[in-house]
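Each value in this text was obtained by applying a stated rule to the coordinates, not by laboratory testing. Just so it is clear, the structure is predicted and the values come from calculations on it, not from any experiment. No Cβ is skipped: glycine too gets one built from the backbone with ideal geometry, and neighbour counts run over all protein chains shown.
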Amino acid sequence: MSAVDNAKAALARISASDVRINAFTAVLAERALARAAAVDATDATLPLRGVPFAVKNLFDLQGLPTLAGSKIEHEAQPATRDATLVRRLEAAGAVCVGALNMDEYAYGFTTENSHHGATRNPHDITRVSGGSSGGSAAAVAAGQVPLTLGSDTNGSIRVPASLCGVFGLKPTFGRLPRSGSYPFCASLDHLGPFARSVAELAAAYDVMQGPDADDPAQVPRPVEATLPTLAQGTQGLRIGVLGGWFKNMALPPARAAVDKAAGALGALMEVNWPEVDRARTAAFLITNAEGAALHLADLQKRADDFDPMTRDRFLAGALLPAAWVVQAQRVRHWFARQVAASFADVDVLLAPATPCVAPPIGTEWLDINGQRLPARASMGLLTQPVSCIGLPVVTVPLWGLDPAAPHLPIGVQVIAAPWREDLCLRVARALEAAGVAAAPLAAEA
Amino acid sequence: MDIERYVDAQCELLGLKLTAEQKPGVLRYMQLVVGMAPRVAEFAATLTPADESGNTFVPVAARGGDA
């Protein structure tokens, strides 16, 4: 198919399904068709030739205000150019078709956005899609587009990938440039792709690598291509399973997903990181304070224009004692050192991505092994300690592990040491090749 | 600990005017944070001066570099 035919097909799928899913906040038909025609007109070798994609609406798209899931940013000046990662995907031949729904300012795990509506899970539209990159995961699961971008501060790629049953990559902190994206918490923000196969994920990731001076948090590293390494499989890799917190805060279907993946990989070793709950608390405090400080001027002038789902948390975050936040950063650093040492004995670790499968929209409370916890915040319990120290993770979807909801997926985090995205992707590909992990289209897509 | 008094004082300092609708949620959330923060603060007290912050500054050039 030509790029124009691909773009037209994606636009038709979005038109047919988005009334039900509500993944998109902007569909850019004119832009997409013009870009696709330009792709068709060139003879250049393009690794993503004609691949339609869409981005969480915190990525700058030229000519649109960057909403970041808010009402307030509707008043912002339109972006003057695309975000760096959008430009890199389009330079590789991909075609951007639109912008995707999210939790306001990325502060949530469910994409129950009061301004733009909830994004519904394509595998069961009574359930949440996860968040904050819920539109990004749902659009891939529904087959609207084969590739999307999202962001992950505390789990916002891995949680929706788990709940919507798609593959998601959160690279190492500092790997991909964030320039041209609306920040949430600069100390913890990552960007990354979603796709329905590991090869598509790796192909997109590879073309997005490389330095960009406009993101001071990016670590200058050469492009380290992963697509050519996928066929190496798991040979020679030491694979373990995270215990402790990662078992205690997971319900039986989440633990069963890890057991199934571990069984397929022959991963017998259990690894226990120290003080995981303190690391999670550190991430919680840093996020709350930094996120609030970013929006302080609007909180002072127009707090009621925030989504009620985020407003009170942002207001409280502005009030935190500075010493707590500085101490949280020190604890984070200590935890990163301890975990780095654990990778002397293991190359890849497995852990559940979410405590459970997608809950119904509007769920307020979860019972996790006897603890009654707020449902929305708890969806990130198992992802926060990992992103807190910037480790690369691929989330892989498994199926049929919750007897009460056998139609729903749940994700497993495949975690490696910093800068070893290649290992995460190799193990994810091995699970996909073995038929253990898969991202089928939603039945009604 | 009188959370409400702390919230009122901090809001005054920062120029935040909580409405009657906002305040209960802010107080609930502050109570949650006050319950969690000691997990970090107590542990941080055991660290040494050599345990640096996870937040480090990187010198930068003027904007305008490209990808």
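Could you list, in sequence order, all residues of segment B:22-51 that are among the charged types (D, E, K, R) and more than 8 Å from every other protein chain (Cβ to nearest Cβ)?
Keep residues of segment B:22-51 that are among the charged types (D, E, K, R), which gives B:23, B:28, B:39, B:42, B:51.
Residues satisfying the conditions are B:LYS23, B:GLU42.
Within segment B:53-64, the presence of a residue that is touching a residue at least 24 places away in the same chain (Cβ under 8 Å) and not β-branched (Val, Ile, Thr) is excluded. Hey, among the residues in segment A:206-258 that are over 15 Å from A:LEU425 (Cβ atoms), in a loop (DSSP other than H, G, I, E, B) and charged (D, E, K, R), which one's nearest to the chain's Cα centre (by Cα)? If we take residues in segment A:206-258 being over 15 Å from A:LEU425 (Cβ atoms), in a loop (DSSP other than H, G, I, E, B) and charged (D, E, K, R), then A:ASP215 is nearest to the chain's Cα centre (by Cα). Annotation for segment A:410-425: no member residue is of a type in the set (S, T, N, Q) and part of a loop (DSSP other than H, G, I, E, B).
Are there any strands (runs of 3 or more DSSP E) wholly within segment A:1-105 with 1 or more residues that are of a type in the set (Ser, Thr, Tyr), and if so which?
Values: elements: A:24-27, A:52-56, A:95-100.
Those strands (runs of 3 or more DSSP E) span A:24-27.
Close contacts from segment A:417-445, counting a first residue that is within 24 Å of A:GLN144 (Cα to Cα) and a second that is surrounded by fewer than 19 Cβ atoms within 10 Å (Cβ to Cβ) and β-branched (Val, Ile, Thr), with Cβ to Cβ under 6 Å and a gap of 6+ residues or different chains, come to none at all. Residues being under 25 Å from the mean Cα position of the chain (by Cα) and either crowded, with 18+ Cβ neighbours inside 10 Å or not hydroxyl-bearing (Ser, Thr, Tyr) (or both) are represented in segment A:39-48 by at least one member. Being farther than 22 Å from A:GLU224 by Cα and surrounded by fewer than 24 Cβ atoms within 10 Å (Cβ to Cβ) is true of A:PRO146.
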